[in-house]
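This report refers to the structure that appears directly beneath it.
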C-alpha cells in the first residue's frame, strides 16, 4: 500500500515533530510504503526506508504551494499509483485520483473558536482565520478519513456538521523522550536561568495564551506573600501581545521579577521545565496542547487552564484555574506554592499522567487507522502492489 504524505506545510516545529515520530515506527508496518513530499531545502529526520519526493523550492510560499498541489500533485499521485494521500497539515487542496483515498488531520482550533478570533483586530489575521475555517471544514467533509487529536476537537466539528458526517478517529500526540525527566534525576540547571526558584510558562505571546493575566496574578501574589520566585515567560514575542505584557510589567514594577526570554533552543526546554518550581499553562484555545504534555513529562507541579481540552490531557494530575482571572490564578498559586507535600504529590501525579501519551501508540494507531481505511475499499487499495481483496 502506497501512502503519499504531503509534508509541504511542515516546515518547522510541531508539524515536523509529528512526522518524525510518526515515521519512526513505519517499519513496524511492512505493508505500507511511505513517500514523503517536502520542499527543496527542507528536511525532516526520518528513516532511510522512507522515499522522498522533492517539490520545487517555491512551494515554501503558501500561495505557490497551493498552486503546485492543485496543478502538479494530482499527476504525481497517478504516476506513483498512490493508494492514500495523507495531509497532516489539515488542508486538502488536491484533486484526488479515482483509485486514491484521502486522509487529513484537524490541528488548528483557532479558526473554529469565535472568542479567540474576535480578540484579533480587524485585518489580515481575522480574514485568514475566516478563510481557514471554511477551507479546513471543506477538507474534512471531503476526506475519506479525518484524524482528530483530541476528543474536544472532534466534538467541536461534529457540532458544526453533525455526527456521522465525517469518517474519523481520535488519536492524541505523544511526548518526546527527552521531555520525560525522572523526578529523582533532574538535568543540570542552565546557566542563563536566574538564581533561586522560578515559576515557568512556555508559550508564544498571543491573546489566547493569557500571559498578561499571569503577570497580573503574579503581582497579586506578591502583594499578599513574600515571593522570591521569579516568573519566567518563554516563547516567541509576537509584537502586539508582547508590548502589552512588557508595559504591564513596568506598570506593576515587576522588572526585576519577571523574565521574558523570547524563543530559546528547543533542546533547552526539557531542562527549563524540569527545574521549575511550578509550571504554568494558561491557554484558552487548544487542540492537543503539546506544551502541556511536555510539562507533564517534566514531572513538576502544574497549574493549568480549566478550559477544554486541557482536562482531557492532564486529568487529576494538576491544579486548574481560570486563565481569564488574575485573582483566581493568584489564589490557586498561593494554595500550593508553600505546601511542600502538595508540590511533591503534584510532581508525582504529573509524571504518572505523562505515561499515557506515547508516540509509539500514536504511530501505531495512525497507521492502523489508515490501513483500516483501505479495508473499506478492498478493490482499490494495493498491498505490496498486489490487489488486496480483504
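Being touching a strand residue (DSSP E or B) at 6+ places or on another chain (Cβ under 9 Å), surrounded by fewer than 16 Cβ atoms within 10 Å (Cβ to Cβ) and either outside the structural domain of residue 259 (by TED's automatic domain parsing) or in a helix (DSSP H, G or I) (or both) is a description that applies to residue 158.
Taking segment 304-316 as the search range and keeping residues that are touching a residue at least 40 places away in the same chain (Cβ under 8 Å) and part of a helix (DSSP H, G or I), which one is farthest from residue 14 (Cα to Cα)? Within segment 304-316, the match that is farthest from residue 14 (Cα to Cα) is 312.
Taken residue by residue, segment 111-129 has no member that is in contact with a strand residue (DSSP E or B) (Cβ under 7 Å, 6 or more places away or on another chain) and either surrounded by fewer than 17 Cβ atoms within 10 Å (Cβ to Cβ) or assigned by TED's automatic domain parsing to the domain that holds residue 268 (or both). Within segment 90-102, residues that are over 16 Å from residue 132 (Cα atoms) and assigned by TED's automatic domain parsing to the domain that holds residue 136 have Cβ atoms under 7 Å from residues that are in a loop (DSSP other than H, G, I, E, B) and modelled with pLDDT under 90 in these pairs: 99/380; 101/377, counting only partners at least 6 apart in sequence or on another chain. Out of segment 44-55, which residues are assigned to a loop (DSSP other than H, G, I, E, B) and in contact with a helix residue (DSSP H, G or I) (Cβ under 9 Å, 6 or more places away or on another chain)? Passing the criteria: 44, 45, 46, 47, 49, 50. Condition first: touching a helix residue (DSSP H, G or I) at 6+ places or on another chain (Cβ under 6 Å), assigned to a strand (DSSP E or B) and buried (at least 18 other Cβ atoms within 10 Å of the Cβ). Can you find one or more residues in segment 36-43 that meet it? Yes, some residue in segment 36-43 is touching a helix residue (DSSP H, G or I) at 6+ places or on another chain (Cβ under 6 Å), assigned to a strand (DSSP E or B) and buried (at least 18 other Cβ atoms within 10 Å of the Cβ).
Remark: pairs (first residue in segment 340-367, within 26 Å of residue 171 (Cα to Cα); second residue part of a helix (DSSP H, G or I) and modelled with pLDDT of 95 or more; Cβ separation under 6 Å; 6+ apart in sequence or on different chains) = 350/296; 353/296; 354/296; 354/297; 357/293. Here residue 58 passes the criteria (1) part of a helix (DSSP H, G or I); (2) surrounded by 14 or more Cβ atoms within 10 Å (Cβ to Cβ); (3) over 21 Å from the mean Cα position of the chain (by Cα) except the one numbered (2).
Restricting segment 330-378 to residues that are in contact with a helix residue (DSSP H, G or I) (Cβ under 8 Å, 6 or more places away or on another chain) and more than 30 Å from residue 227 (Cα to Cα) leaves a set whose member that is surrounded by the fewest Cβ atoms within 10 Å (Cβ to Cβ) is 364. Scanning segment 89-129 for residues that are part of a helix (DSSP H, G or I) and either touching a helix residue (DSSP H, G or I) at 6+ places or on another chain (Cβ under 9 Å) or within 30 Å of residue 76 (Cα to Cα) (or both) returns 110, 111, 112, 115, 116, 117, 118, 125, 126, 128, 129. Looking at segment 10-35, which of the residues that are part of a loop (DSSP other than H, G, I, E, B) and either modelled with pLDDT under 85 or outside the structural domain of residue 68 (by TED's automatic domain parsing) (or both) is nearest to residue 263 (Cα to Cα)? By that ranking, first place goes to 12.
The values are calculated or read from the model by the stated rules, or taken from the named source; none is laboratory data. Owing to the predicted nature of the structure, the values given are computational and were not obtained by experimental measurement. As a convention, Cβ positions derive from the backbone with ideal geometry for all residues, glycine included, and neighbour counts pool all protein chains shown.
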